[in-house]
Structures are given as C-alpha cells and as structure tokens.
Amino acid sequence: MNETKQQLFTRRAMLMMGAMTLPFTVMLGRIVGLQWFAGHKYKKLAEDNRISLRPVLAPRGRLLDRNQQIAAYNEKAFRLLIIPEQKEHLATTFKRLEKLIGLTANEQKKALDKLRTAPSYIPIVVRANLNYEELVKVQVNLPDLPGIDVDEGLIRHYPQQTVSAHILGYVGPPTREQAEKSQDPFYKNPDAQLGKEGIEKMADLKLRGATGRRELEVNAYGRAVREVAYNPPVNGKDIQLSIDINLQQMAYDLLGEHVGSVVAIDTITGELLVALSKPAYNGNEFAGGVPTDIWKKLMADPYKPLLNRITQGIYAPGSTYKALVALAALEEGWMRPNETVYCPGSMVLGNRRFHCWKFEGHGTIDMHQGLVKSCDVYYYQLAKQMDPDVLARYAHMFGLGHRTGLGLPEQPGLIPTREIKRKRQREPWVGGDSLITAIGQGLNLATPLQLAVMSARLASGAAVVPTLFQPESPPIFDVLPVKRSHLEFIHKCMFDTVEGGTAFGARRIGIPLGGKTGTSQVISKNHGDVKSYSGIAREERPHALFVGFGPIPNPRVAISVVIEHGGFGGAVAAPIGTKVMEAALKSLGVVL
Amino acid sequence: MNIRRLTPFLHRMPWHIIWLLTAIVAIGVILQIDAADGHWGPYAWRHAARFGIGLGIIMVILMLSPRQIMQLSMAGYFVCLALLLVVEMLGHTAGGAQSWLKLGFINVQPSEIMRLAMIMVLAQFYHMVSLQEASKTINVIIAAVIVLLPVVIIILQPDLGTAMMLMITGVGVMFAAGVRWRWFIAAFGAALALLPLAWMFLLHEYQQRRILSFFNPESDPLGAGYHVLQSKIAIGSAGFFGKGFLGGTQAHLKFLPEKHTDFIFTLLTEDFGLFGALILMTLLVLLIISCVRVAMRTRNHFMAVTVMGVTWSIFAYTMVNLAMAMGLMPVVGVPLPFVSYGGSSLLTFMAGIGLVIHAHVYRDERLPGLG
C-alpha cells in the first residue's frame, strides 16, 4: 500500500468513526426527550390503549301485578349475532339467512347501520328472538355463515301478549341520538333496552337499575386479555303494579271482538285494577326494535291497535253523565228530587225539537225515575234551570275535562262552558247547548279513565286520583264538597238502574251494584225509535257506555266500559261492567 | 482452505469483538423471548441457532487467505446479481415486495448477501487503482455502476429500504476508499434534484403514504401513522428502567407491530427502559469503534476498505432502524443488526464481522495490486 493511500484512508476512517458514534448521542437524546418531556402524555396514551371500559347491563326489573303475578320479565332468548371482525362476504351471508330464517331487508339494513358505528369486537344483534326452529337452522349452517353466531341473551317478554299491552308498554333500543349524546353509561351498552311506552317508560329509570362497569385489559384488536376491575351492575327494581292480570284477561275475553276499553278502579286507594284497551299490539314483537312490516300493519289498522283508548280515546259520555248532572242539580237546587216532569217523547225549544231516546215518552217522571230510566226530556227540563258554567265546575270536581295525572300520555277531554263554546265555535251559548250538554252530548268529551274516575268519585265522595302502582301507604283523598245525602240519593238511583232500570240485564245476583248506561251518538243522525242497531253500518252505530260502582252502600270498585259503535250501553257495555266489577270485588275479598 | 493456517494466528484473535458480538446477539435472543411472550419459540431458539451457524461462517472465512477472499468477491458479486434477477422473476411476495428466494429449507434474501459482495468488489476495485485514479470520472462511473446495478434491481422488487441501505453502504465504501469530496457533494446535489422524480415514479402508493404520515403521524393514528405513533408511545411511556421483561403493554398487547423485527428496539426500550437502550447502544458503539480500529491497522487496502464498508453498513442500519422506531424517519423495513429476527440479516452481518476478524488476524498480509 503506498503511503499517501494509507494516510488518506486513516484520515477518512477517523472521520467516519466520529460520524458513526456521534449520532448515537442524538438517538439517546431522542429517547430522553420522549420520556422526560412527553412521558406523561405517552403514559396516558399507553394506558388508554390498554384499558377498555365496558358497560355491564343490569337485568331490567320485572313488572308484577297486584297479586305478584308476572306481567313482564326477561326471558332467555336466542339471538342472531354478527361478529364484525369475523365477517366476510356479508351480502352472500345475508342471502343465505334470507332463505334460512327469512331475514328481512329491514333487519339487514339495521345490522349494516350498526356495523358502521360499532367497534369491531362488539357483536351486533341482528335478531333478538330466534325461535327454536330458526336456531337449529342457523346452527347447522354456521360453517357457511362467516361472522354469524348465536348466543343466549335476555329479551323482554310479556306472558299475556296483547292483553295489557297499552298499560305495560314495550321496550326497545335507544335512539341513535340518545346513544350518541347521553353521558349515561347505560346507553353505551349495545344491548340496552329502554321503555318506549306505558309503565315500561314511566318507571324506566327504576326498572333499568344501574349499569355496571368492567375494566378490561385489551390487546390491539380490542380482545379482552384480563379483567382489571369489575364494578357489578345494580339490578333493576321489580315494579309492583296496581292492576290484576287475571281481571285484565277476563275483561279482554269479555270484550270479545269489540273495540273498546274497560277501566276498573279501587275507590279507596285509586289503584287501577283493570285498565284494558282493545285491540292492542303484542309487545313481544317489539322487543328487538319494532319490525317495520308489523308497525306498518298496525298503523294501517282501522281499529287503531296502537291507540291507548284508556287515556287517549275520547268519547261523548252520553247518559253516563246524567248522574253527575243530577247531583249538581241537587246541590245547586236546579231541581228538587220529587219535582216531576212530563215526558211525551220529545221537547221543543225555539224552533227545534229535542227527542228522548224513548219515542213514546216516559210520562210523568221524577229525578229518581229520570236517572233510572235515563229520560232525556227530564234532563232537558233540568237544563233550562242549569248554569252550564256551574255544571262544568262539578264536572271538573269529579275528574272530567282535565288530565287525571296517571302518568301516561292523556287526552284532557272537554267539558263545555260558555267561554269555551264562544272560543271554539265563535257563537254564544244558547238554550239548546244546555240541553245536549245535560245529556252528555254536544261538546262533552271524556276518556274512559276520566269516566272511571268520575264513577269512583261519585262512589266515594272523595277526590280519588288514579294510579297504576301499589301505594306504599293508603292515600287520603280530599272529601268533595257535596252533601253525603245527595250522594246517597245518586247511589240509590244507580242501584235501581242496575236492579230494574236501563242496566237491568246486567245485574249480578247477590251483589248490590250501582250503574249508569250510556249510548252516545257518533253522528247527528236520528235513527228514530230503534230497538236494535244490528242492521245499521258499524261506523254509524252509537258507542255503548257504562259506568258503575259497588257494592252499595260502601262502594269499593268503580268501573267504566266503553265499546266503540257497540250499540245500546245497557245491552252491550253494562253486562261486561258488572261482571268485571263482581270479579274485582271478589278478588279484593269485598264480597264472597 | 487450510486448518493449519489458522493456528499461528489464533493468538491474534480479536476476542473483544467476539464478546461484543455475542453480547449484542444475546440481547437479541432475550428480546426474541420477550417478543414471544416468554417463549423460546418461534423466534428465540432460531435466532440463537443462527448465531451458531454465523460462528461457523466466521470460522470458514478465517480459513481463507486474503487472496482467496479477494478472488471470491467478484464471483460472489455476480452470483448475487444473478440471484437478484431470479428473485425478481419468480420470487415470493413478502410485505408487498419480492425479496425472498426459497431454497428448500431456507429463505435467502440475495439483497442482503449482495451488500457484502458489493463492499468487497468495490474494495477490490479501489485496491487495484491508485489514489489519483480513484477520483477520475471513468473510475467513479465504474464504482457507481457496481453499486447501482443491484440497487436498481432491488428497487424493482420493490424493496426501497434495502436498496437505500445498499446505496448508503456503497457511498460509505467509496468515501472510505478516498474518492474526493467533490464527487459526494455533486452526487448529493443530483439526488436532491432527482427526488421529486423518484417520488413520482419509484414509490408505490403505500410507500408514499408512509412517508407522508411520518410528517404528521397523529393525523391518521389508525392508518399509515399507526406504527410510528405506537412505537413512540411505547418508548415514551417506558421510563428509565422500563416496564420489565414481558411487562410492556404496547408490545405484549400487540399495539406495537413488527416488535420482533423492525421495531425490536422499541420492545427493548419499553421493557428495559432508557437503561436497556443505553446498554445496547454502548455495545454497538464499542463494536463500531473496534471495527474501525481493525480497519486502521490492516495493511492491505482491500481488507481495510472492506472492514470500513462492513462497519459503515452496521452503523447505517442501526441508525436508520433507531430513527424509524423513534419517529425521526419514515418507516422503512430496515432491521436492527444482530438483534432483529431474520436469518439473512443476522448471517450476513455476522459474515461481515467474520471479514473484520479476518482482517484483524491477517492484518500484516499484503496483497498484489496497488494497495
């Protein structure tokens, strides 16, 4: 090697040695920089990576009826799941499921929606309630269904199906907005179910319990490696209801093919023993989210099965209103009990003739007979003395014209006054208005619940407030400012109505019941003196109503029955009312 | 090849280099166990076994005379070139790039072996020419062709990381051999000018994304910036003594990708902290210094330049690997010498050390030529 070559090489080698060692200090400095100046940040990021908080859903509380019978519980159900990280060829998989278990387009769309937002390690429920046959079909074909799995989950179940649907309500998954906006860990659970209607909605927070929390150490794929901490959920509370599901079932059966409602109320505690609206939906079908096809069908049904008639059906109270009018007349002195009226079958006021329901008339009739026979002309005469605004005050005192405060969505109904008439129809109150108001027609509107409350207040003389829950201590209601003797007179009249009046066919042997029938016109068409509505189109038939209470003299149960387009109240509604009352009294142990 | 040839030189064995090598590979084995969650398989025992094979290769190298090595280098270069072409034509696809040649029981990466062959051919070339001739245009072009021929083939595979490292190694050898500064300045200028063209025509989309994500890794934490971000989290959260053997959450919960290969330095730092990193870096620096000292004492130019080339490539690989793990450089698949899992890498680096030891042992032998 020649000398200069050696010298240059040595110089270059020295230079390179320096160039090869110095950068290591830069690297060392970088580590120090990452650890000392950003260490906190990176420690937190490492911890966030490592720990995943998973909500643990508390089992939803059950709904129990007054006799501890189960009205709603969580049933073990087989669920069809997609595990997002294992799915392949989803379109083919869905096609196969379509053939196997009739997976609907809507279910597919919902699953795809969830797949877009959910983390890949959380299984997505495609169908929450596979039946056994479907389960077997899916299980046998699992090898051809990548990413599909079946597991056992809890699903809300209502053993009575449609019977108490409107009162119990149903549950469903939270809306996307709730799931995204709420801070409550409950909503972070993919299986979260919350009350959408009825008691499920009213008592939702109690039923839900408290969501637990699982702190899991997870790997980069989100798969749990180890449990770091577990904060168990607090189970939802069971809710004790006031209703009696056996009575519900009985009322349901008694209604048969009719459309309508039955409301029975404990006149001392205000507990609703029966709250039935028919037709109804089946809450079990809604548990995994409402299927669109079923929803559409329910919406299109002319009998409106989604309508809770108990609190949202509004009807003219018709003759069931007369007991209240009679009581107001006694209180205000518009009529004395023994004052008689002659009923020839109609009455003329101004240039208009007002008919009694009985074409041939009732003849000479006093207040007692006027109520028992439900004579319209008697009330027309009474109306001449009556101040409609004062009557409205009594109506409100007995729970009509405003919401009862039950807790479910309610219609307020309507009790007309001079001012209301002026506002609504831009016309002054005339004599004819008083006449039709006094027989519960005209602008009068009430819900079946309001009618039951009216009946309960007439029975007890106290401001009974309805409730769907069993009160912890018996409530004390305000005594209404009406004379006891007047109430007892009304009780007597209503007793006689059942024993020998318009509700004669409905009397129950050995049980003294009071009642008042109603046949409320739905169109201003006078069918004249009809004995039967069977030949008339359904929509033109009047609603059949019945209110009542028993036993006399110390009533414990009050009732309202409304049957849409049922015809005569006495023939259709009253027998159902008295039968349910009898059963309710027996189950309460009031009568044997 | 003669066994007896070895004995007179045995007292000249650079034991410190062998110990340094052993210590660094041992750290590698420990980290391979760590990477496999405490198991010897599948990485650690293979790594250890390859170390044994590597020692065997060193022994074979020591049995050759400097002259034999020089004679072999040219042949080796052309065999590797041929192998690269074969790989290019029928190689396996690995990590989006073709670079493996499956030879029955073992996968050979010709591009790795090419590094050594290229160093030696260049060294031979500079051994033959005088210092004045070395910087002549024609000779610079010849040297450039020796480097660029394999580089172009490797870029086509496309394995940009390896191609880049080969180029850096070649430049290092030329610098060590005494090519004048102005050539390096000119080449640097040309490279800068060609950069936009290279970006457009040489880089695949995934490579472009990686480089872009380097400048803002937080912008796409689950996409292209994922590797670097997770690596920085692991290093940043480790502390001075680290999270302990098997204790790193980033590596062991699989947030850190490629923890046994390209990101093994991150694994080291997460589990053993700054302390562990310091030890490995110290060992590597000592190895580099030892190698340079060997080069400076070698009396024939061929082996001296070869040793500098080997040392330079060890340094370059280490630096690029560390810079990548710490987020100072875009992610390119470059292993950490002696530590990362991978047969071709470990064996060629050990063969390189074999050349260094050889140079030390035969330091006084002279070779025909101008050296």
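Of all the listed residues (B:Lys254, B:Lys243), the sole one being without any contact (Cβ under 8 Å) to a residue 60 or more places away in the chain, out of contact with any helix residue (DSSP H, G or I) (no Cβ under 9 Å at 6 or more places or on another chain) and facing chain A (nearest Cβ under 10 Å) is B:Lys254. The set of residues in the range B:287-303 being within 13 Å of A:Met16 (Cα to Cα) and among the aliphatic types (A, V, I, L, M) consists of B:Ile288, B:Ile289, B:Val292, B:Ala295, B:Met296. Residues in the range A:320-374 that are of a type in the set (D, E, K, R) and closer than 19 Å to A:Gly461 by Cβ: A:Lys322, A:Glu331, A:Glu332.
Just one of the numbered conditions (1) under 23 Å from A:Glu271 (Cβ atoms); (2) in contact (Cβ under 8 Å) with a residue 12 or more places away in the chain is not true of A:Ser473: (2).
Output yes when any residue across the range A:424-447 is surrounded by 15 or more Cβ atoms within 10 Å (Cβ to Cβ), among the aliphatic types (A, V, I, L, M) and under 22 Å from the mean Cα position of the chain (by Cα), and no when none is. Yes; the residues of the range A:424-447 include at least one that is surrounded by 15 or more Cβ atoms within 10 Å (Cβ to Cβ), among the aliphatic types (A, V, I, L, M) and under 22 Å from the mean Cα position of the chain (by Cα). Of the residues making up the range B:127-181, those that are within 14 Å of chain A (Cβ to nearest Cβ) and among the aliphatic types (A, V, I, L, M) are B:Met128, B:Val129, B:Leu131, B:Ala134, B:Ile168, B:Val171, B:Val173, B:Met174, B:Ala176, B:Ala177, B:Val179.
Within the range B:314-326, the presence of at least one residue that is at the interface with chain A (Cβ under 9 Å from one of its Cβ atoms), aliphatic (A, V, I, L, M), surrounded by fewer than 23 Cβ atoms within 10 Å (Cβ to Cβ) and under 17 Å from B:Leu267 (Cα atoms) is confirmed. If you go through the range B:239-262 and keep only what is over 24 Å from A:Ala224 (Cβ atoms) and among the hydrophobic types (A, V, I, L, M, F, W, C), you end up with B:Phe240, B:Phe241. Is one or more of the residues making up the range A:212-219 touching a Pro at 6+ places or on another chain (Cβ under 9 Å) and modelled with pLDDT of 90 or more? The answer is no; no qualifying residue exists.
Within the range B:182-202, restricting attention to residues that are of a type in the set (Phe, Trp, Tyr) and more than 14 Å from chain A (Cβ to nearest Cβ), which residue is nearest to A:Ala19 (Cα to Cα)? Per the stated criteria, the residue is B:Phe188. Close contacts from the range B:294-311, counting a first residue that is more than 7 Å from chain A (Cβ to nearest Cβ) and a second that is surrounded by fewer than 24 Cβ atoms within 10 Å (Cβ to Cβ) and of a type in the set (Ser, Thr, Tyr), with Cβ to Cβ under 7 Å and a gap of 6+ residues or different chains, come to none at all. Within the span defined as the range A:76-94, every residue fails to be at pLDDT 85 or above, on the phi < 0 side of the Ramachandran plot and charged (D, E, K, R). Exactly one residue among A:Ala46, A:Ala111, A:Ala77 is of a type in the set (A, V, I, L, M, F, W, C), crowded, with 18+ Cβ neighbours inside 10 Å and under 30 Å from B:Ala234 (Cβ atoms), and that residue is A:Ala46. Taking the criterion of being over 18 Å from A:Gly33 (Cβ atoms), buried (at least 19 other Cβ atoms within 10 Å of the Cβ) and charged (D, E, K, R), would at least one residue in the range B:227-237 satisfy it? Checked the range B:227-237: no residue is over 18 Å from A:Gly33 (Cβ atoms), buried (at least 19 other Cβ atoms within 10 Å of the Cβ) and charged (D, E, K, R).
No other residue among B:Leu278, B:Leu286, B:Leu322 is in a helix (DSSP H, G or I) and more than 30 Å from B:Tyr126 (Cβ to Cβ) apart from B:Leu278. Within the range A:281-307, work out how many residues are closer than 20 Å to A:Ser520 by Cβ and polar (S, T, N, Q). Counting residues in the range A:281-307 that are closer than 20 Å to A:Ser520 by Cβ and polar (S, T, N, Q) gives 0.
Of the strands (runs of 3 or more DSSP E) that lie entirely inside the range A:306-386, those containing 2 or more residues that are buried (at least 17 other Cβ atoms within 10 Å of the Cβ) span A:341-343. Apart from one condition, A:Leu64 fits all of (1) surrounded by fewer than 15 Cβ atoms within 10 Å (Cβ to Cβ); (2) under 25 Å from A:Leu241 (Cβ atoms); (3) modelled with pLDDT of 85 or more; the exception is (1).
Evaluate the following for B:Thr266: is it of a type in the set (S, T, N, Q), in a helix (DSSP H, G or I) and more than 10 Å from chain A (Cβ to nearest Cβ)? So B:Thr266 fits the description; yes. Test B:Thr282 against the criterion of being farther than 24 Å from B:Ala36 by Cβ, modelled with pLDDT under 95 and either over 16 Å from the mean Cα position of the chain (by Cα) or of a type in the set (A, V, I, L, M) (or both), and give yes or no. Considered against the rule, which asks whether it is farther than 24 Å from B:Ala36 by Cβ, modelled with pLDDT under 95 and either over 16 Å from the mean Cα position of the chain (by Cα) or of a type in the set (A, V, I, L, M) (or both), B:Thr282 comes out as no.
The values are calculated or read from the model by the stated rules, or taken from the named source; none is laboratory data. Quick caveat, the model's predicted, so the values are computed rather than measured. Here Cβ is always computed from backbone atoms with ideal geometry, including for glycine, and neighbour counts include all displayed protein chains.
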